[in-house]
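Asker: The following block contains the structure, expressed as structure tokens.
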Amino acid sequence: MNKIQYTSTDGRIVLPLTQKMEDGNRIVNNAYQDGVGTITFKAEVKTIPQGLFRGSLTLESISIPSSVKAIDDSAFERCRHLKKVNLSDGLLSIGKRAFAYTDLGNVVIPSSVLVVSSEAFSHCECLTTVKFSKPFSAMVIGTNCFLNSPTEIAII
């Protein structure tokens, strides 16, 4: 899939920090209509690049398509109003500090995930529940993954 959908706190377009990815893929359209933002890329999105949304002040929710295999380091770090993320099956890795300092309330880690890097969800003061779709023994969980987050972990 070549689209990512999101919502923002002010009903406006959220601007990523770059328009062009390392793999040559690039954003060709970013529109906000009827309460939903859609970022369209030239080609299928396989990676959310390092720092793509870092520090966004208005990003509220994001839906990661099943084509995405990796969320790189700090991709959503310090998105203070990010409350909801939908991670699709097919995702393999979540990078270091990918969601650190966000307002996520709960997260479901898909069974396809092999690596959750260190501090991936650190300092998420609202993160109360993380549900893993498979046992920890089947994946690598980095150190301080939930540092300073009031997190209850469940395996479903």
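The values are calculated or read from the model by the stated rules, or taken from the named source; none is laboratory data. Just so it is clear, the model here is predicted, and its values are computed rather than measured. Backbone-built Cβ (ideal geometry, glycine too); neighbour counts: all protein chains shown.
Asker: Scan the range 97-108 for residues that are hydrophobic (A, V, I, L, M, F, W, C) and either surrounded by fewer than 16 Cβ atoms within 10 Å (Cβ to Cβ) or not in a loop (DSSP other than H, G, I, E, B) (or both) and jot them down.
Answerer: V107, V108
Asker: Go through the range 110-138 and give me each residue that's surrounded by fewer than 19 Cβ atoms within 10 Å (Cβ to Cβ) and among the aliphatic types (A, V, I, L, M).
Answerer: The answer is L114, V115, A138.
Asker: Can you tell me which of (1) farther than 28 Å from K134 by Cβ; (2) outside any strand (DSSP E or B); (3) at pLDDT below 95 is the one M1 doesn't meet?
Answerer: Only one criterion is unmet by M1, namely (1).
Asker: Which condition from (1) of a type in the set (S, T, Y); (2) in a loop (DSSP other than H, G, I, E, B); (3) within 26 Å of T18 (Cα to Cα) is the one that S111 breaks?
Answerer: Of everything listed in (1) of a type in the set (S, T, Y); (2) in a loop (DSSP other than H, G, I, E, B); (3) within 26 Å of T18 (Cα to Cα), S111 misses just condition (3).
Asker: Right, another one. Could you please find all residues in the range 117-137 being touching a residue at least 24 places away in the same chain (Cβ under 8 Å) and either assigned to a helix (DSSP H, G or I) or more than 22 Å from D73 (Cβ to Cβ) (or both)?
Answerer: Of everything in the range 117-137, those that are touching a residue at least 24 places away in the same chain (Cβ under 8 Å) and either assigned to a helix (DSSP H, G or I) or more than 22 Å from D73 (Cβ to Cβ) (or both) turn out to be T128, T129, K131, S133.
Asker: Somewhere in the range 80-89, is a residue out of contact with any Ser or Thr (no Cβ under 8 Å at 6 or more places or on another chain) and over 21 Å from Q5 (Cβ atoms)?
Answerer: no
Asker: Of all the residues that make up the range 73-96, how many are of a type outside the set (D, E, K, R) and either in a loop (DSSP other than H, G, I, E, B) or more than 23 Å from K134 (Cβ to Cβ) (or both)?
Answerer: The total comes to 11.
Asker: What strands (runs of 3 or more DSSP E) completely inside the range 19-72 contain at least 2 residues that are in contact (Cβ under 8 Å) with a residue 24 or more places away in the chain?
Answerer: 36-41, 59-64
Asker: On to the next question. Being among the hydrophobic types (A, V, I, L, M, F, W, C), over 16 Å from A75 (Cβ atoms) and without any contact (Cβ under 8 Å) to a residue 60 or more places away in the chain is the filter here, so list the residues in the range 1-18 that pass it.
Answerer: I13
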